[in-house]
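Here's the structure we're looking at; comments come further down.
Only the coordinates and a few stated rules stand behind these numbers; no lab work does. Owing to the predicted nature of the structure, the values given are computational and were not obtained by experimental measurement. Cβ sites come from the backbone with ideal geometry, for glycine too, and all protein chains shown count toward neighbours.
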Amino acid sequence: MLRAAGLDVETAGNGHRAVELACQGPYALILIDATMPRLSGGEASRVIRRLPGHSATPILAMTSGSHRLGEQWLDIEGMDGHIAKPLRAETLYPLLLKWLPQADGLHRTAGPGVSAQTVARLGGVVDLDVVAGCARARGRGRIYVNRVVRFAREGSPNADALASSLADADTPRAARLARGMKAAAGRIGAAEVRAASARLETALLTRAKATEVGAAAADLRASLSSLLAALAPILPGLGSPLPRRRRLSEPNR
């Protein structure tokens with residue numbers, strides 16, 4: 001998830017190794033497991049905090065659901081906050097937004113022209129799996145963001161066209177639109193919209209009862225509307241979508 005946000009990541013298998021890495025130079029952010037072997041997260045954090053250049057490094061504890069940490073414990077161990085495991089994009093990425101800008105000289109990108117903060121904002125959107133989306137874009141953040149922008153801008157027109165096709169009982173066109181929405185949602189990691197599109201497409205292709213088609217269409221409208229509403233405040237900062245590539249055909253000879 002961190003690499004999907006365009007960050008350089010180094011890992012340590014135990015507390016001793018974490019301290020060794022911290023001795024080698026500065027870090028923009030340190031995530032440390034509270035129950036690391038050999039040297040616990042708290043012990044390692046106290047040592048790191050005393051190292052040159054790490055007095056203000058953001059250090060966050062990663063804890064299991066059963067491991068309760070109070071503010072006093074965090075202060076004693078020299079940590080700035082904590083995040084519960086298992087890590088999820090919707091909780092991790094907002095923390096990146098909060099702590100990474102405080103690091104001096106931070107310059108990370110998720111690809112040409114795309115900041116880690118941009119990808120992190122998208123990671124806070126429910127039903128948007130940024131990790132999966134970036135993976136489908138082969139780690140190219142600009143391509144992923146472009147897909148999100150295009151999806152957001154074409155979402156409402158496509159939904160209107162789908163509703164019109166259903167009202168006109170134009171089943172083939174409605175099925176094509178549902179298939180297209182399924183593919184677009186899959187490319188950006190919008191699992192709920194993709195699943196709802198797939199259910200509607202299946203209902204149309206199998207000539208399901210009108211009530212089943214109507215229910216599937218309603219589910220798709222609801223999931224799509226929720227996602228578009230969550231993207232709306234972020235969209236202005238994402239820029240304009242890149243023009244679609246045109247396929248070139250070789251002229252007849």
Under a straight-distance cross-link criterion of Cα-Cα below 24 Å, which lysines are reachable from Lys209, leaving out those fewer than 8 residues away in the same chain? Lys182
If you line up the Cα atoms of region 132-238 on their principal axes, what length do they span on each, largest first, in Å? 41, 25, 18
On a straight-distance basis, which lysines could pair with Lys98 in a cross-link, Cα separation under 30 angstrom, same-chain partners fewer than 8 positions away excluded? Lys85
What full-extension length gain, to one decimal in nm, is calculated for Arg179 and Ser64 as 0.36 nm per residue of separation minus the Cα-Cα distance? 37.4 nm
Which residues in region 139-163 place their backbone N less than 11 Å from a point set 7 Å from the Cα of Arg3 along the Cα-to-Cβ direction? 139
